[in-house]
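The values are calculated or read from the model by the stated rules, or taken from the named source; none is laboratory data. Just so you know, these numbers come straight off a predicted model, no measurement behind them. Reconstructed Cβ throughout: ideal geometry from the backbone, glycine too, with neighbour counts over all protein chains shown. All accessible areas refer to the heavy atoms of the entire protein, side chains included, with ligands and DNA or RNA removed. Shrake-Rupley method; radii C 1.70, N 1.55, O 1.52, S 1.80 Å.
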Amino acid sequence: RVRNEKLYLATFAAVLGPLSFGFVLGYSSPVIPELRKSSDPELRLDSNQASWFGSVVTLGAAAGGILGGYLVDKVGRKLSLMLCSVPYVFGYIVIISAQNVWMLYFGRMLTGLASGITSLVVPVYISEVSHPKVRGMLGSCVQLMVVTGILGAYIAGLTLKWRWLAVLCSFPPCIMLFFMSFMPETPRFLLNQNKHSEAIAALRFLRGPHADHDWECTQIEASVQEEGLKFSEFKNPSIYRPLLIGVALMCFQQVTGINAVMFYTETIFEDADFKDSRMASVVVGSIQICFTAVAALIIDKTGRKVLLYISGIIMALSTALFGLYFKMVLPNRNNSSNPDVWFALDAASPGTESSISWLAVVSLGLFVAGFALGWGPVPWLVISEIFPLKARGISSGACVLTNWVMAFLVTKEFNDLIGFLTSYGTFWLFSAFCCLNVTFTAFYVPETKGQTLEQIEAYFRRS
């Protein structure tokens, strides 16, 4: 009989990391408008600096993915999580004391580095301490806490000035450091280090006193290879197949256009006569939280693939509708040499946009709900499940690096893409990618529902 109370406590301590990471992502949205109007010329952002303030986090996170992949195997899952609270807090201290734009960039870079480590380590920690019946639900809490952090930053940004908002954002990593110090290391990492008695103690903490700890230890030990990972082993299908699936999932998650759609949010709501576009961001954040929570509750019953199918189809339809909206609202691309007209929705033919602005709002709501239901949480969960123990650090690092580099490219190149393909062409391209996601899921993503990590590893060895 397995008791879950302390397992939930360990998960709560770990997911304070993704909460911190959500605050980092959400921080720029209320802060950029404020800094663009700053009375201090040293801190005032122009449009190019504002885009760097938003996207430099993704570069820090890409570096954090590489560093996290090294740390998670060398010092363990627990200590990696405790260590990453240092760049979080130090980054916010730099932002709070910023005297110029470069200090802002540096602070954002440090919080990005911590976010990259967090986005790698937390899913691994949770998947290794959980048992199969609840692993999907607990793994989905990672994405749930990220979107909660984003919404928290949006709401706090309605009332707090940017320096005080940075003070608030530094609290979750401090609380995580405190709680994680009382939590156990994962049994798999301990057994990999030949620490059998510590692994039994960790299992006793996580499963309660009445579970069969020795049996679970034997199961894990059977799959733990003590020797390290050699480069030549990447020729082995049991290592390169899950790695290719993980990297592809991370690419596909970003090419759905999630970052681009989030960029459009305020413009779309303004166009639909929402007077306060900041409140609109809060509405979108709330939709994300609701549907990520739904995904967490049903993922262990429905399975991973079903949610990826439903999510991909909803996103393909909503981005196609988005494209249709822009096709109907925006003037002919050739009428203007200025690509910024693609953002100026009021340049549309009079009366068109107000009569169909509901289409944009519905498309946006559908898209965000669809993403939150599957392609938001599931890729992170799957990459925490499919890698063999000895390749978990390096493979997770490659996936996190891929995700953040793709996020940076999509964020920075979005403007150019619109100039090249027009608005509606860009959204139809995203729709095509969403269809490709569904096809990829059907043929290549394994169903991991209800299986132990050892069974998943054995599946890749057999195939």
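Summing -39500 (n - 2.57) over the DSSP H runs of n ≥ 4 in the chain and dividing by its residue number, what mean residue ellipticity at 222 nm do you reach, to the nearest 500 deg cm²/dmol?
Only helices count here, giving -26000 deg cm²/dmol.
Would you mind finding the longest exposed-site-free stretch of the chain, with exposed GluC sites (Glu not before Pro) meaning DSSP loop and at most 16 other Cβ atoms within 10 Å?
So the longest stretch without any such site is 228-446.
Treating cross-link reach as a plain straight distance, find the lysines whose alpha-carbon is under 22 Å from the alpha-carbon of LYS235, omitting any fewer than eight places away in the same chain.
Within the straight-line cut-off, LYS235 pairs with LYS390.
If one takes the longest principal axis of the Cα atoms in the chain, at what angle in degrees, from 0 to 90 and to the nearest 10, does the Cα axis of helix 77-96 lie?
Helix 77-96 and the main axis of the chain meet at about 30 degrees.
Provide the net charge surrounding PHE23, with neighbours chosen by a C-beta distance below 15 Å and charges set as Lys +1, Arg +1, Asp -1, Glu -1.
With Lys, Arg at +1 and Asp, Glu at -1, the neighbours total +2.
Filter the trypsin sites (Lys or Arg not before Pro) in the range 1-49 to those in DSSP coil with at most 14 other Cβ atoms within 10 Å of their Cβ, and list the result.
Those satisfying the criteria are ARG1, ARG3, LYS37, ARG44.
Just to check I understand the Karplus step: with θ = phi - 60° and J = 6.51 cos²θ - 1.76 cosθ + 1.60, what whole-Hz values come out for the range 404-418, glycine and proline as x?
6, 5, 5, 4, 5, 5, 5, 5, 6, 8, 4, 4, 5, 4, 5
Report ³J(HN,Hα) in whole Hz for each residue of the range 197-209, in order, from the Karplus equation J = 6.51 cos²θ - 1.76 cosθ + 1.60 where θ = phi - 60°; Gly and Pro get x.
Couplings: 5, 5, 5, 4, 5, 5, 5, 4, 5, 7, 10, x, x Hz.
Between [x] 221; [y] 135; [z] 153, which matches volume of the Cα convex hull per residue in Å³ calculated for the structure shown?
For volume of the Cα convex hull per residue in Å³, the calculated option is [y].
Using each residue's phi in the range 4-9, evaluate 6.51 cos²θ - 1.76 cosθ + 1.60 at θ = phi - 60° and report the 3J(HN,Hα) Karplus result to the nearest Hz, with x for Gly and Pro.
9, 3, 6, 5, 5, 5
On a 0 to 90° scale, report how tilted helix 258-271 is relative to the longest principal axis of the chain, with both axes built from alpha carbons and the result rounded to the nearest 10.
Tilt relative to the chain: about 40 degrees.
Given a 1.4 Å probe and every protein chain left where it sits, what share in percent of the accessible area of the chain is carbon and sulfur?
The C+S portion of the solvent-accessible surface of the chain is 66 percent.
Using 0.36 nm per residue of separation minus the Cα-Cα distance, give me the extension gain between TYR8 and LEU436 in nm, one decimal.
150.5 nm
Along the Cα→Cβ direction, 7 angstrom out, place labels at GLU233 and ILE298. What is the inter-label distance in nm?
If labels sit at GLU233 and ILE298, their model points lie 3.9 nm apart.
Out of the chymotrypsin sites (Phe, Trp or Tyr not before Pro) in the range 89-127, which ones are loop residues according to DSSP with at most 12 other C-beta atoms within 10 Å?
Hits after loop and neighbour filter: nothing returned.
How many Å² of accessible area per residue for the chain, probe 1.4 Å?
Here the per-residue accessible area is 40 Å².
Helix 453-462 versus the longest principal axis of the chain: what angle, 0 to 90°, nearest 10, using Cα atoms?
Approximately 90 degrees, to the nearest ten.
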